[in-house]
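Quick notes on the structure that follows.
The values are calculated or read from the model by the stated rules, or taken from the named source; none is laboratory data. As the structure is a computational prediction, the values presented were derived from the model and not from experiment. Note that each Cβ is placed from the backbone with ideal geometry, even for glycine, and that neighbours are counted across all protein chains shown. In case anyone asks, the SASA skips ligands and DNA or RNA and just uses the protein heavy atoms, side chains included. Shrake-Rupley method; radii C 1.70, N 1.55, O 1.52, S 1.80 Å.
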Amino acid sequence: MAAALLALPACHRAASKEERALRSELRKALDEQNYERAVELARRHLKLRPHDNGTWDRLVRAQFGLHDLAGISQSLDDWRNAVPEPSLSLDEYAGDYAAAKKDDAWAIAAWKKVAAADPKNVRVLEKIARLEERQHFWSKEDAAWTALIAVQESASARINRALCRRRLHRWHDAFEDLDKAHALAPDDPEVQRGAKLFEGVGRFLAEIRELDSALAISPNDPGLLADRALLFLRADDPELALEDAEAAGKIGTWAVRPKLFQALALIALGRADECEKSGVHKLIRLERLAPEFLETMARLDSEISAERNNAELYVSRAWQLNEIGQPSLALQDAQTAMTLDPKAAGACAEASYALTKLGRAAEALEQIKRATELDPNFSTAWQYRGELEMARGETLSAVESFTHAIEANPTATALEKREQCYRRLGLLVKADQDRRARLDLASETK
């Protein structure tokens, strides 16, 4: 018995020495981001100290480094079962795990439990704020940043709250936070990016505030939402532009402006491939859209909202869309017009133009033929029919179509095209006649 009692201190010293060595190696492995080694060392240490919160903490941290979500889940359960009074780190890691699994509600609940027990834990408060941002819960995000700022002032918290308040259109508060963030860290890249964004918004702030006021009275007005989306695009704030354009599109399903503005915002955000879902060609650019076009589209969207069954309005909008190189949207409007009025020659013509741009040549020719059948005096349709036939090598048919066009309305282009056809056919006398007629026409119009 005496020998055994004498041996106990020696065993304890040996165990303590082993623990210290494991702890040292474990910290080193974590510092070096050698997470596989850290997991192995943590498990060895837990065999000696299964109730040690610190070692459980390091094990889970290493597993996060390995992105081992299954291992993390098991370790959190084992930690909870092994330790009678787990540290707050267990709940924080449970929130981290839930966030990684996209279970945002669980993550917020876990982190709020930590924040309730440790109200000055800025790391957890920031996690809550950023997750609320990910969910677009702007008011809750604002509250989280406000709680963090009350504990610890920082440029990062200020600029993030400024960006959040921009989402809420709390412009005075947002610019105030921006100024404070700039005063704290003027050279911080995050602050500088935020300042650049607010600089763009500032140029249009008066107009934005006017629309904010109008939308407070009529929150479901797609025209007002589209107007504000356009302002945000001009202000280089594609996030807010996208928000308004999507809202306008959901309410005003008949409107085209929201689709165009949504596409422009997606392109600015680096998500150009998503444009095709709404039928907008991803080469669209705001600077290429003339003010007159934007005004016309606003008017047509408004008129269509009041007269949904007016085929002429859809034809007019299809023409505008064809002009700016948006054939998919133009075709949609042309088809709507043809459904409303099967005898609308203009709808068939616009459908033909759109189909040609979409590479559907046979369908395009079919539609332009229908347009000339519905309206034999439709000179533009005859001319376009001739161009399509000419491109297909149907020269005799093209001559006939150009002749109809010239009889209805002689134009230099139609004469030039028919002249080319005559030369292909070797009818040089007729070709020269068209050339002289074209020159005479040109001199008359001077």
Taking the range 305-320 and keeping only residues that are of a type in the set (Asp, Glu) and surrounded by fewer than 15 Cβ atoms within 10 Å (Cβ to Cβ), one is left with Glu307
| query | Going by the structure shown, is Arg228 more than 24 Å from Ser305 (Cα to Cα) and open to solvent by 20 Å² or more (accessible area, probe 1.4 Å)? | reply | no
Counting only residues in the range 88-118 that are basic (Lys, Arg) and under 29 Å from the mean Cα position of the chain (by Cα), the one surrounded by the fewest Cβ atoms within 10 Å (Cβ to Cβ) is identified as Lys102
Scanning the range 314-359 residue by residue, the ones that are under 19 Å from Lys282 (Cβ atoms), without any contact (Cβ under 8 Å) to a residue 40 or more places away in the chain and aliphatic (A, V, I, L, M) total 4
Residues in the range 301-312: is at least one under 30 Å from Leu197 (Cβ atoms) and in contact (Cβ under 8 Å) with a residue 60 or more places away in the chain? yes
Scanning the range 419-446 for residues that are small (Gly, Ala, Ser) and in contact with a helix residue (DSSP H, G or I) (Cβ under 8 Å, 6 or more places away or on another chain), the one surrounded by the most Cβ atoms within 10 Å (Cβ to Cβ) turns out to be Ala431
If we keep only residues of the range 200-213 that are farther than 23 Å from Ala263 by Cα and not hydrophobic (A, V, I, L, M, F, W, C), then the residue least open to solvent (accessible area, probe 1.4 Å) is Gly202
Going through the range 231-248 in order, the residues found to be closer than 19 Å to Arg299 by Cα and either β-branched (Val, Ile, Thr) or crowded, with 22+ Cβ neighbours inside 10 Å (or both) are Asp244, Ala245, Ala248
Residue count, the range 360-414, condition in contact (Cβ under 8 Å) with a residue 12 or more places away in the chain, in a loop (DSSP other than H, G, I, E, B) and over 21 Å from Trp319 (Cα atoms), comes to 2
Selection from the range 324-359 of residues open to solvent by 20 Å² or more (accessible area, probe 1.4 Å), touching a helix residue (DSSP H, G or I) at 6+ places or on another chain (Cβ under 6 Å) and in a helix (DSSP H, G or I) yields Thr336, Met338, Leu340, Gly346, Tyr353, Thr356, Lys357
Across (1) of a type in the set (Lys, Arg); (2) within 18 Å of Leu231 (Cβ to Cβ); (3) under 12 Å from the mean Cα position of the chain (by Cα), Arg271 clears everything bar (2)
Listed by range, helices (runs of 4 or more DSSP H) wholly within the range 60-174 having at least 3 residues that are among the acidic types (Asp, Glu) are 88-100, 122-134
Being closer than 26 Å to Tyr314 by Cα and either aromatic (Phe, Trp, Tyr) or within 15 Å of the chain's Cα centre (by Cα) (or both) narrows Asp237, Asp244, Asp221 down to just Asp244
- [ ] Tell me, yes or no, whether the range 389-405 has at least one residue that is acidic (Asp, Glu), crowded, with 17+ Cβ neighbours inside 10 Å and modelled with pLDDT under 95.
- [x] no
Per the list (1) closer than 27 Å to Pro238 by Cα; (2) modelled with pLDDT of 95 or more; (3) β-branched (Val, Ile, Thr), residue check on Thr336 breaks on (1)
The residue from Ala181, Ala216, Ala195 that alone is open to solvent by 70 Å² or more (accessible area, probe 1.4 Å) and over 30 Å from Trp106 (Cα atoms) is Ala216
Considering residues that are buried (at least 20 other Cβ atoms within 10 Å of the Cβ), modelled with pLDDT under 95 and not in a helix (DSSP H, G or I), the number found within the range 251-283 is 1
Of the candidates Ala311, Ala306, Ala334, the one satisfying the condition of being among the aliphatic types (A, V, I, L, M) and closer than 14 Å to Ile368 by Cβ is Ala334
Taking the range 119-147 and keeping residues touching a Leu at 6+ places or on another chain (Cβ under 9 Å), surrounded by 14 or more Cβ atoms within 10 Å (Cβ to Cβ) and closer than 20 Å to Phe175 by Cβ leaves Ala129, Glu133, Trp138, Glu141, Asp142, Trp145
